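The values are calculated or read from the model by the stated rules, or taken from the named source; none is laboratory data. Given the structure is predicted, the values throughout are model-derived calculations rather than measurements. Please note: Cβ atoms are built from the backbone with ideal geometry, for glycine as well, and neighbour counts cover all protein chains shown. Note: areas computed on protein heavy atoms with side chains; ligands, DNA, RNA excluded. Shrake-Rupley method; radii C 1.70, N 1.55, O 1.52, S 1.80 Å.
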Amino acid sequence: MTDVTPPSMDAVAAQRWLAQVPAQVPPASPWLHEEVARRMMERLDIITAQPEQWAHWQPVRGGWQAHQALKARYPQARAWLVPGSIAEDALLQKSVQRPWWAVWRKESECVGMPPAGSVQMVWANMVLHQQSRPQEMLAQWHKALAVDGFLMFSCLGPDTLRELRELYSAQGWPTPMHELTDMHDWGDMLVQAGFAEPVMDMERITLTFETPERLVQELRELGRNLALGRGSIVRGRVWHGQWLKALSQLAQPRHDGKLGLTFELVYGHAFKPTPRARVAQETGIDLVEMRQMLRQSAKDRSSS
């Protein structure tokens, strides 16, 4: 499977964003990510399998409170915390460090990539849509999972921030975000990565904000504009004031006059199947048999 960067995403900007993590211990994750993780956890109720080991991909932004809830759900399981950058690795090392008096206890959390085929669950909340190489991440998930292990992930879908994109278009401004992948395309990529029985679903929610400033604060916690076509010039205070005034147009009566933004949430679930046996592509022929075949071929030609 080829590793292709989404055509509208700036890969350098995406890597820079991954390197920016909050410095506080324990980490603070965006509210929306914690809420999506809570909803995704409800989907675990239909799964009876109890993992002995599981991996949490990029848990700092994926939801630190959700990580604690998953630990409580699987108290006997070993958790692998997979960082997305050097900065996140350092923060996770501090966050899971045990006190000196507990060094004798069995280690229940490890920071780093789990061994191949070692975990029964991969949990990846709200990280895939910000990856410049999503196919590579899917391959990592597949490699980490044991046979019959399962994947749970979520990400943003293409209807996200549609009001903001329409506003920017009406103002003649560059796009406020990169294009997001449809859930059906994620399903196809899961199959290409070797997963089986992918189940995809989505929902749309609307977040409302009292002021443009509060709206901007929320968006900055969730991510950055990673679009290749984003504005590249530095703007001053005058433009910033005009920008905030334009954001006020997002206020709608059905939201009691508050500013409303749509978020499309995509949920995915799939299994790692037993590898299929490969059919031999070559047929071996003994040297003696080859000589006999050649002699027979010569006799056939001479008698014809």
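Numbers for the structure displayed
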read-out: Residue in region 146-153 that is farther than 24 Å from GLN50 by Cα, open to solvent by 20 Å² or more (accessible area, probe 1.4 Å) and either among the β-branched types (Val, Ile, Thr) or without any contact (Cβ under 8 Å) to a residue 60 or more places away in the chain (or both) present; value: no
read-out: Residue match in region 67-74 (condition: under 22 Å from ALA90 (Cβ atoms) and free of Cβ contacts under 8 Å to residues at least 12 places away in the same chain); value: yes
read-out: Enumeration of residues in region 119-169 that are closer than 23 Å to ALA77 by Cα and of a type in the set (D, E, K, R); value: LYS143, ASP148
read-out: Residue within region 204-223 that is without any contact (Cβ under 8 Å) to a residue 40 or more places away in the chain and not in a helix (DSSP H, G or I) present; value: no
read-out: Conditions (1) closer than 24 Å to GLN15 by Cβ; (2) open to solvent by less than 20 Å² (accessible area, probe 1.4 Å); (3) in contact with a Phe, Trp or Tyr (Cβ under 7 Å, 6 or more places away or on another chain); (4) not in a helix (DSSP H, G or I); number of the one not met by THR175; value: (2)
read-out: Some residue of region 24-35 being assigned to a helix (DSSP H, G or I) and surrounded by 21 or more Cβ atoms within 10 Å (Cβ to Cβ); value: yes
read-out: Number of the condition not met by ASP201 [criteria: (1) among the acidic types (Asp, Glu); (2) within 27 Å of PRO22 (Cβ to Cβ); (3) not in a helix (DSSP H, G or I)]; value: (2)
read-out: Selected residue [under 17 Å from the mean Cα position of the chain (by Cα) and open to solvent by less than 20 Å² (accessible area, probe 1.4 Å)] from MET202, MET126, MET189; value: MET126
read-out: Of all residues in region 75-94 being touching a strand residue (DSSP E or B) at 6+ places or on another chain (Cβ under 7 Å) and assigned to a loop (DSSP other than H, G, I, E, B), the one that is least open to solvent (accessible area, probe 1.4 Å); value: ALA77
read-out: Residue among ALA49, ALA72 that alone is open to solvent by 20 Å² or more (accessible area, probe 1.4 Å), aliphatic (A, V, I, L, M), modelled with pLDDT of 95 or more and over 19 Å from the mean Cα position of the chain (by Cα); value: ALA72
read-out: Where ASP159 falls short, out of the listed (1) assigned to a loop (DSSP other than H, G, I, E, B); (2) farther than 20 Å from HIS33 by Cβ; value: (2)
read-out: Given (1) part of a helix (DSSP H, G or I); (2) farther than 21 Å from PRO198 by Cβ; (3) open to solvent by 20 Å² or more (accessible area, probe 1.4 Å), index of the condition GLU136 fails; value: (2)
